[in-house]
1. Within the range 303-325, can you find the residues that are at pLDDT below 95 and either of a type outside the set (D, E, K, R) or assigned by TED's automatic domain parsing to the domain that holds residue 112 (or both)?
2. If the requirement is being surrounded by fewer than 20 Cβ atoms within 10 Å (Cβ to Cβ) and closer than 18 Å to residue 158 by Cβ, which of these qualifies: 37, 46, 91?
3. Mind checking whether some residue in the range 210-219 is more than 18 Å from the chain's Cα centre (by Cα), surrounded by 20 or more Cβ atoms within 10 Å (Cβ to Cβ) and small (Gly, Ala, Ser)?
4. Residues that are surrounded by fewer than 24 Cβ atoms within 10 Å (Cβ to Cβ), under 18 Å from residue 5 (Cβ atoms) and touching a strand residue (DSSP E or B) at 6+ places or on another chain (Cβ under 6 Å): does the range 77-88 have at least one?
5. Residues being among the polar types (S, T, N, Q), closer than 17 Å to residue 221 by Cα and assigned to a strand (DSSP E or B): count how many of those fall in the range 176-193.
6. Check whether at least one residue in the range 147-156 is of a type in the set (D, E, K, R) and at pLDDT 95 or above, and report yes or no.
7. Can you name every residue in the range 49-76 that is among the hydroxyl-bearing types (Ser, Thr, Tyr) and surrounded by 15 or more Cβ atoms within 10 Å (Cβ to Cβ)?
8. Quick one: in the range 23-40, which of the residues that are touching a residue at least 40 places away in the same chain (Cβ under 8 Å) and among the hydrophobic types (A, V, I, L, M, F, W, C) is farthest from residue 256 (Cα to Cα)?
Amino acid sequence: MLAQIRSIGAYVPENAVTNDQLAETVDTSDEWIRSHTGIGKRHIATDDQAASDLAVRAVNIAMERAGMSPEELDLIILATASGDYPGFPSTACIVQEAIGAVNAGALDISAGCTGFVYGLEMARGMIVSGCSKNILVAGVEVLTHITNWKDRDTCVLFGDGAGAAVVTSGEDGGSGILDSILRAEGSGAPYLIRKAGGSRQPYTGKDDAYQDLFIQMDGQKVYKFAVRVNTDLVGMFFQRHNLTIDDIAYIVPHQANVRIIQAAAKRLGIPMEKFYLNIEEYANTSAASIPLALNEMSEKGILKRGDLILTLGFGAGLTYGGNLIRW
């Protein structure tokens, strides 16, 4: 038995802020942002939009394309670092109620930008083991609500969005999630972090603690980590399955920074044309970036049934991982 991606859907907020617009309030420029990150604009949720609001829009599209009713879902796995609430209730439960998935369990996973990759492998394990037949895997972020807009090193990087995939059981020999590699390096936890608001550092309401509610990042250390693990992941998949780049239709990486992908591609000797990038339009949407890319590729007709694709995720934790998928 295989776990197949039956359908995919995505949603981004209508409001898009260009680099030039951002430069009106932050000491930066379109040239600097593009040259350092590849980002041209980012979609930003309204003040009253939470992660679940975006997720429901993406989920409904995926469910309609799958031709399924919410009652058929056995489980909802939602990856996010910017959920509706800190800790509980899970954003997955808010989505479960909103779509009427009355027979489904629901849980959030926190694996940073690698969350969707982790979620797909969790779904694969549940389906292959026979525990579930129909699982919804979503990645959603409203990172702009937890971004310090006075910190130009981070505020230029992030955007909001949601993507969702319906994963169902299928026959061996067909399309499906063939393999996954999941890894973590917890020693890098301080490099990408929201310090306040948890049990380690509860928010006290004091002015000196307020800034710790926002995303903080050591850009250089995260960059070096990301280049290394992207390179390592591709090598591991190729070795495990006796593959070359000619066997892969596309590599779909987490859309964090175009320089990371360029550096990894150079180390691997892989042409950039093999990597699907849409960071210019959406910026870094963390757990939503890979499903947003897959949805865009599907809608454009870039993905063909039977194509072999490789997803690569890396982010807070620090976590990294990938999925080998027969589309």
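1. 303, 306, listed by residue number.
2. Values: 37 fails: surrounded by fewer than 20 Cβ atoms within 10 Å (Cβ to Cβ); 91 fails: surrounded by fewer than 20 Cβ atoms within 10 Å (Cβ to Cβ).
Of the residues listed, the single one that is surrounded by fewer than 20 Cβ atoms within 10 Å (Cβ to Cβ) and closer than 18 Å to residue 158 by Cβ is 46.
3. No, every residue in the range 210-219 fails to be more than 18 Å from the chain's Cα centre (by Cα), surrounded by 20 or more Cβ atoms within 10 Å (Cβ to Cβ) and small (Gly, Ala, Ser).
4. Looking for residues that are surrounded by fewer than 24 Cβ atoms within 10 Å (Cβ to Cβ), under 18 Å from residue 5 (Cβ atoms) and touching a strand residue (DSSP E or B) at 6+ places or on another chain (Cβ under 6 Å), one finds none in the range 77-88, hence no.
5. 0
6. no
7. Step one: list which residues in the range 49-76 are among the hydroxyl-bearing types (Ser, Thr, Tyr), which gives 52, 69.
Scanning the range 49-76 gives a single hit, 52.
8. Checked the range 23-40; the qualifying residue farthest from residue 256 (Cα to Cα) is 26.
The values are calculated or read from the model by the stated rules, or taken from the named source; none is laboratory data. Since the model is a prediction, treat every value here as computed from it, not as a measurement. Every residue, glycine as well, gets a Cβ built from its backbone with ideal geometry; the counts of neighbours run over all protein chains shown.
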